[in-house]
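The values are calculated or read from the model by the stated rules, or taken from the named source; none is laboratory data. Bear in mind the structure is a predicted one, so any value in this text is a computation, not a measurement. Cβ coordinates were reconstructed from backbone atoms using ideal geometry, including for glycine residues, and neighbour counts include every protein chain displayed. SASA here: full protein model, heavy atoms, side chains in, ligands and nucleic acids out. Shrake-Rupley method; radii C 1.70, N 1.55, O 1.52, S 1.80 Å.
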Amino acid sequence: MAFGALAHAERPMRVLFVHPRNVDGFWEDVSSAMGEAARQLGIHLEVETAPRWPTERLPQVERWLTGAHRPDYLITTTNRLMGAQEIALAERLGVPVFLVNAGMLERDRSQAGAPRERHKGWLGEMLPDEARAGRELAEALLEEARRRRLLGGNLPVEMLALGGQEVTSSGVGRNQGLLAFVEGQSEVRLPQVVPSHYNPDLARSRVRPMLRRYPEARMLWCASDQVALAAWESASQEGRSLILGGINWHPAAIQAVQQGRMTATVGGHVLEGAFALVLLFDHHHGVDFASEGTVWRTRMLVLNRRNVDRLAPLLVTRSWHRLDFRALSRVKNPALRRHDFSLAPFLGRAR
Amino acid sequence: MKDPASAPWERALGLRVLLWMSVVCALFSGLSALVQVGLEYRLRTREAEQSLQLIERSHLGGLENSLWAFELELTRAQMEGVLKMPHVAQVELITTTGERWALGVAPRRERELVRRFPLRHGDTLLGELVVRASLEDAYAHLWRHVALNLAGNAFVICFTAAALLLVFRRLVTRRIERLAASTRTLGLEALDRPLVAVPVRIQDELDALAVALDEMRKGLLDGFRGLSQAQDEIRGLNGDLTQANEALREAKERAETASRAKSAFLARMSHELMTPLNQIVLGTDLVAETLATSDPAAFQDLRRVREAAFTLKEMINDTLDLVDLDSGTVTLQLVDLNPTALLSPLQERLRPWLATSGNRFRLDLAPELDRVHLDPGRTRQILAKLLHNACKFTRNGEIHLSLQPDGDGVRFAVRDSGPGIPAESLHRLFEAFSQADEGLTRAYDGSGLGLALSHHLARIMGGRIEVESEVGRGSCFTLHLPGARPSGP
C-alpha cells in the first residue's frame, strides 16, 4: 500500500462513493458533506447512485472499478444483502473498501467476518449507533414530558412509535433502542410500534387511526424526521398536540424543533461519509487507523431546544464549508494521537 | 234420469282414474320438487356458510395483524381477497378508529347471509368485518332446477297417463261395458238365459265378477220359483186361519151365553133358597122360645138346626157375592174413617164365635194410624171371613188382629194359634170350594167360598191377601191395602 501511495503522489487521491437510490435527500446531504471534506483534503471524489436492482448493481460497480477513472478507494453502503459480494468484488479488483452508514445484516456479517479478517481489502466501516439514537430520542421525548409536568400521575404516559423498516439495520437498531429504553421505564407505556417504512405518506395515513386507537397518547417517537413531520401534520388535523421527535437532522425537522413543533431530532450520521474520507486520506498517506479500530460507531447527537438555536444555522443550510475536516486528520495534524469524530465538539468548532 | 248408454266421457272410468292419478302424481311431483328445493337450498346455504367459515379461518388472522399495524393497503388487499371467496358479495370493514370501507355490492337483504367477525389484537377490539354472502346464484340455480324438474315430470306423467289409458281401456273398461250391457238386459223374463259375458275360465277380478253375476242370476231364478210356491201355500193357510177364527168366535159367544145363564141361574136359585131358609130360621126361633125351659135337650137340638140354617144362609150370601163379582157389578164406597169405628162392628160379630171356640182375642192398632181411607163394608167382610175362619179352626187358643201402616197403605194381620196349614195345600187355599184339608172341612163346617171371595174382594180394592202358616204352630193371613192412608190432613 505504501507503494501505491507513493505511486499516486503526483495525482490527487481518487475515491468513489456509491450510495443507494435517493429517497429523502439524505444521500445528497451525505454527498455534499463528503464533497466539502474532499475539497478541504484535496481528494478527487466521484459519487454514483447504485442501480435499483441487486442483479444490476455488481456488474455496474465492476465497471466503475475497472474504468479509466479507477478509484483508489471505494466507499459504499450495503444494501439488500449485497455487502459481502461487493466487498469480495472490490478486493478481487484491488480496490480497498470502506463501508459507511448501513451495516451488514447478521447473515452477511457471518459470511464476511469483520473488516480485515477474511477480506483484507475491507479496511473498515463507520456505522451510526442506531440503537443509541433510538434510545436518546425516547429519552429526549420523556425529558420534555417531564418538563411539561405530564409525568407523575397514577398511570404511565403513553408513547406511540412509528418505526422504521424492519428489514434495514437502521430500522431494526432504532426500534431496539426505543424498546430497550421503554422496558426499563415505569413512567412510560409503549402500547404499539407501528411500521412506517420511512414513508411520510404512509405515516400521514396511519397517525390518525393510531391517535383514535390511543386517545391518551402524549408522545410520538418517529424513526425518521420526514415521518415525524408528516405525523405532526396529521396530529394537528386531529387537534392533538404531541411531544414528537425524529431521526436524521432533516432541515425541516431542525426548523420544527426551533419552532417548537418537534421536540427533538437526532442525527449526525450525515457526516459519516466525510469522516470516512478523513480516515481513508490518512490511510492513503501512511497513517492507518487500524490501530484505533476498524469498526467505527457514530454516536449521534440530539438536537433539542437547548442546542438547536446554536447549531441550526449550520445544519439547516448544510453549510459544511464552515466545518474544518482537516482538523480531524492525523496526517494534517501529527500531534493528534487518535481520530476523534465526536459531533458536539466538532460542530462546536464551526467557523 | 240419464240414459246410462249416453255421455260416454262422463262415465269413462279409465279417464277418471287417470285424471286422479295425474292429480296425485302432480301433487307428488310438486312435493318432491319442494323437498328438492329445500335440500338444494340447504346445500347452497351450507356452501356459503362454509365459505364464511373458511374466511374466518384463513383471512381473519392476517386482517387483524394488518389492521393492528395500520397496514391499510394490505388490509384493503386482504379484503379484496375475502371478496374473491365463493358466494361473497360484499366485504365491509368498520374500525374502532372510525374508518369504514366497503368492497363489492350488497345483495338483496332477503337473499344474503351476513356474518360479522370481530377483529382483535389481544384484548384490543380493532373493528368488525362484515361479510355478506349472496344467495342470488343459489336462487337462480334452484329455480332453473325446479322448472326443468317439473317440466320433465309433467312430460313423464302425460306420456304414462296416455299409455295407461290405452291399457286400462283394453283390460278393464271395455269388459265392464260388455258386462254392464249384458246385465242391463237381465229381466225377470230373461232370468233363465245365461249372461253373454261369462268367461270360460276365471283370469282376474272382472271374470270373477261376471261369474258371480251369473250365479246371482241363477240364485234369483231359484228364489223366484220358491217364492211362487210359498205364495200359493200362504194363500191356503190364510183360508184355514179364517175358518178357525170364525169357530173360535162362535165358541166364545156360546161360552159367554152359558156363563150368563149360569149366573142368572145361581142368582135366581139363591133368592129362591133364601126365602124358605129365612122361614126355617124364624120358625126355629119361635119353637126355641117355648122349648128353652120345658125341654132343654130339644132346645139344644133346635139350636144346632138354627146354626146349620145360618151357615147355609151365609153360603148363599157368599155365592151371591161371587156371582156379583163375576158379573163385574160390584162398586166400592171409599170413605175416610177412624180404625176403631171400622173395627168395632166386627168385634160385636166376633163375640159369639169366641164364646163357642173358647179363644182369647187381642187387638193391636198402630197409634200413628188415626184414620184410614177404604171401603169399610168390604174390608169388614174380608176381616170377618178371616176372623171367622180363625175361630173355626182354633180351639182354646188366641186370635190376634193387628193394623199397621204399610207404605202409603195399611196392613191387617189375623194370626191364630190353630193347627196350621200344610205347605202343599197353601196354593189351593184361595180357590172356590176348597179347604186345606178335606178332613177339616168335615170337622169344621164351611163352604170353602170364604177365602175365594175375600181374595176377589181384596183384588177389587187394589190389594192382596198373603198367608204364612206352619203345621202345629198356627197361621197368619195378611190383607195389604195400598193407598189406604189418607193423603190430606
Using alpha-carbon positions, the gyration tensor of segment A:33-179 gives root eigenvalues a ≥ b ≥ c; with a/c under 1.5 called rounded, otherwise prolate if a/b exceeds b/c, else oblate, the class is prolate
Which one of A:70, A:147, A:297 has the biggest mean-square fluctuation once chain A is modelled by GNM with Cα springs under 10 Å? A:147
How high is the relative contact order of chain A? Use alpha-carbon pairs under 8 Å, at least six apart in sequence, and give a whole percent. 18 percent
Chains B and A: how much accessible area gets covered up at their contact, both sides added, probe 1.4 Å, in Å² to the nearest hundred? 1000 Å²
Dipole-positive endmost among B:458, B:286, B:273 within the protein assembly as shown (Cβ charges, Cα centre): B:458
May I ask you to compute the full-extension gain from residue A:120 to residue A:93, defined as 0.36 nm times their residue separation minus their alpha-carbon distance, rounded to one decimal in nm? 8.5 nm
Beta bridge orientation in the protein assembly as shown: antiparallel %, DSSP, nearest 5: 55 percent
Total charge dipole magnitude, the protein assembly as shown, about the Cα centre, Cβ charges on Lys, Arg, Asp, Glu only, Debye to nearest 20: 4520 debye
Of B:262/B:392; B:313/B:392; B:262/B:313, which pairs sit farther than 27 Å apart, going by alpha carbon to alpha carbon? B:262/B:392
Heavy atoms of residue A:198 accessible to a 1.4 Å probe, total area in Å² rounded to 10: 50 Å²
What does the structure give for B:124-132 when I average, per residue, the other chain Cβ atoms found within 10 Å of the residue Cβ? 1
Percent of accessible area on the protein assembly as shown owned by carbon and sulfur, 1.4 Å probe? 55 percent
With the crude spin-label approximation of a point 7 Å out along Cα→Cβ, what separation in nm comes out for residue B:96 versus residue B:141? 3.8 nm
Could you give the length gained by full extension between residue B:216 and residue B:174, i.e. 0.36 nm per residue of separation minus their alpha carbon distance, to one decimal place? 12.9 nm
Name the residue from A:96, A:157, B:119 whose Cα lies farthest towards the positive end of the charge dipole of the protein assembly as shown, charges +1 on Cβ of Lys and Arg and -1 on Cβ of Asp and Glu. A:96
Peptides A:202-212, B:225-235: what's the order by average Cβ count within 10 Å, highest mean first? A:202-212, B:225-235
For the ranges A:28-35, A:217-224, A:131-138, what's the packing order if you count other beta-carbon atoms within 10 Å of each residue, average per peptide, and put the highest first? A:217-224, A:131-138, A:28-35
Residues whose placed amide H lies under 5 Å from that of residue A:243, excluding near-sequence neighbours: A:219, A:220
Just counting partner chain Cβ atoms within 10 Å, what average do the residues of peptide A:208-219 show around their Cβ? 3
Nearest-0.05 FRET efficiency for residue B:234 and residue B:204 at R0 = 45 Å, using Cβ-Cβ distance, is 0.55
What does segment A:239-351 give for Rg and for Dmax, in Å, if only its C-alpha atoms count? 16.2, 59
Taking Cα atoms, the helix A:169-183 axis meets the longest principal axis of chain A at an angle in degrees (rounded to 10) of 40 degrees
The answer for residue A:75, listing residues at least 5 apart or on another chain whose modeled amide H is closer than 5 Å to its amide H, is A:16, A:17, A:18, A:98
Kindly write out, for segment A:203-213 in residue order, the coupling ³J(HN,Hα) from the Karplus curve 6.51 cos²θ - 1.76 cosθ + 1.60 (θ = phi - 60°), rounded to whole Hz, with x marking Gly and Pro. 4, 4, 6, 8, 5, 4, x, 4, 5, 6, 5
Cβ-defined net charge surrounding residue A:214, 11 Å radius [Lys, Arg +1; Asp, Glu -1]: +3
Can you list residues from other chains, or at least 5 along the same chain, whose modelled amide H is less than 5 Å from the amide H of residue B:398? B:360, B:417
P(r) for segment B:215-337, please, calculated from all Cα pair distances in 10 Å bins and given in %. 10, 18, 16, 14, 11, 8, 8, 6, 4, 3, 1, 0
Starting from the exponent 0.38 and prefactor 2.2 Å, build the expected Rg for chain A from its residue count and divide its actual Cα Rg by it. 1.03
Ordered by number, the trypsin sites (Lys or Arg not before Pro) in segment B:113-208 that occupy a DSSP loop and have at most 16 other Cβ atoms within 10 Å are B:201
Calculate, for segment A:228-351, the solvent-accessible area per residue in square angstrom, rolling a 1.4 angstrom probe over the heavy atoms of the protein chains. 40 Å²
Picking from A:202, A:33, A:258, whose Cα lies most toward the positive end of the charge dipole for the protein assembly as shown (charges on Cβ: Lys, Arg +1; Asp, Glu -1)? A:33
Tensor-based shape of segment B:318-405 (alpha-carbon gyration tensor, a/c under 1.5 rounded, otherwise prolate or oblate): oblate
So what's the Cα pair-distance distribution over the protein assembly as shown, bin width 10 Å, in %? 2, 8, 10, 9, 6, 5, 4, 4, 4, 4, 5, 5, 5, 5, 5, 5, 5, 4, 3, 1, 1, 0, 0
Cα-centre dipole for segment B:199-260 with unit charges at Cβ (Lys and Arg positive, Asp and Glu negative), debye to 20: 380 debye
Count, for each residue of B:67-75, the Cβ atoms from other chains sitting within 10 Å of its Cβ, then give me the mean as a whole number. 4
For residue B:108 the rounded accessible area (nearest 10 Å², probe 1.4 Å, non-protein molecules ignored) is 120 Å²
Let me spell out the model: positive unit charges on the Cβ of Lys and Arg, negative unit charges on the Cβ of Asp and Glu, origin at the Cα centre of segment B:318-403. What dipole size does that give, in debye rounded to 20? 480 debye
How much net charge surrounds residue A:140 when only the other residues with a Cβ under 12 Å from the Cβ of residue A:140 are counted, with Lys and Arg +1 and Asp and Glu -1? +1
Per-peptide average of other Cβ atoms within 10 Å, ordering A:156-166, A:313-323 highest first: A:156-166, A:313-323
With a 1.4 Å probe and all protein chains kept in place, how much accessible area does residue B:218 have, in Å² rounded to the nearest 10? 100 Å²
Please label the shape of chain B as rounded, prolate or oblate, based on the square roots a ≥ b ≥ c of the eigenvalues of the alpha-carbon gyration tensor (a/c under 1.5 means rounded; beyond that, a/b larger than b/c means prolate, else oblate). oblate
Loop only per DSSP, at most 11 neighbouring Cβ atoms within 10 Å: give me the GluC sites (Glu not before Pro) in segment A:180-251, ordered by residue number. A:216
